[in-house]
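The values are calculated or read from the model by the stated rules, or taken from the named source; none is laboratory data. Since the model is a prediction, treat every value here as computed from it, not as a measurement. Glycine also receives a Cβ, built like all others from the backbone with ideal geometry; neighbour counts cover every protein chain displayed. All accessible areas refer to the heavy atoms of the entire protein, side chains included, with ligands and DNA or RNA removed. Shrake-Rupley method; radii C 1.70, N 1.55, O 1.52, S 1.80 Å.
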Amino acid sequence: MNIGAYRLGLISNLANPKSAIFVTSLFATALPVDAAWTQGLASVAIMVAVSAFWYSLVTLVLARPSISSAYLRGRRVIDGLTGAFFAGFGIRLLLSQR
């Protein structure tokens with residue numbers, strides 16, 4: 001595994017607070033108003049563990065040259081499909097607010 005790439009990815013994720021703010025907003029709406037602080041702390045710990053597992057798995061999978069090159073070849077299509085999915089979801093959510 002390329003430690004330099006792993007370090008760069010870690011720094012990039014830690015420097016980008018959008019995902020942390022997004023997850024915090026989810027927990028803020030999902031936890032009951034009278035939740036104990038330990039429940040909030042447990043939620044944060046679970047999300048840190050899940051995120052660490054996910055990004056480690058992605059790192060290990062994309063460290064294989066064959067998978068990495070296949071991803072790079074299909075990246076535009078993957079990004080386009082993902083963007084279309086989220087745009088469709090956003091439009092559906094917007095239209096459901098009537």
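Residue-wise test of (1) charged (D, E, K, R); (2) open to solvent by less than 70 Å² (accessible area, probe 1.4 Å); (3) not in a helix (DSSP H, G or I).
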| residue | (1), (2), (3) |
| --- | --- |
| Ser25 | no, yes, no |
| Val33 | no, no, yes |
| Val44 | no, no, no |
| Ser51 | no, yes, no |
Residue within the range 3-14 that is assigned to a helix (DSSP H, G or I), among the hydroxyl-bearing types (Ser, Thr, Tyr), surrounded by fewer than 10 Cβ atoms within 10 Å (Cβ to Cβ) and within 18 Å of the chain's Cα centre (by Cα) present: yes
Yes/no for Leu72 being within 30 Å of Ile3 (Cα to Cα), part of a helix (DSSP H, G or I) and at pLDDT 80 or above: yes
Every pair of residues 6+ apart whose Cβ atoms lie under 8 Å, when the first sits in the range 70-98 and is free of Cβ contacts under 8 Å to residues at least 40 places away in the same chain while the second is open to solvent by 80 Å² or more (accessible area, probe 1.4 Å): Ile78/Tyr71
Cβ pairs under 8 Å, 6+ apart, first in the range 36-58 and on the phi < 0 side of the Ramachandran plot, second of a type outside the set (Phe, Trp, Tyr) and surrounded by fewer than 12 Cβ atoms within 10 Å (Cβ to Cβ): Ser51/Ser19
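From the list Thr59, Thr29, which residue is β-branched (Val, Ile, Thr) and open to solvent by less than 70 Å² (accessible area, probe 1.4 Å)?
Thr59
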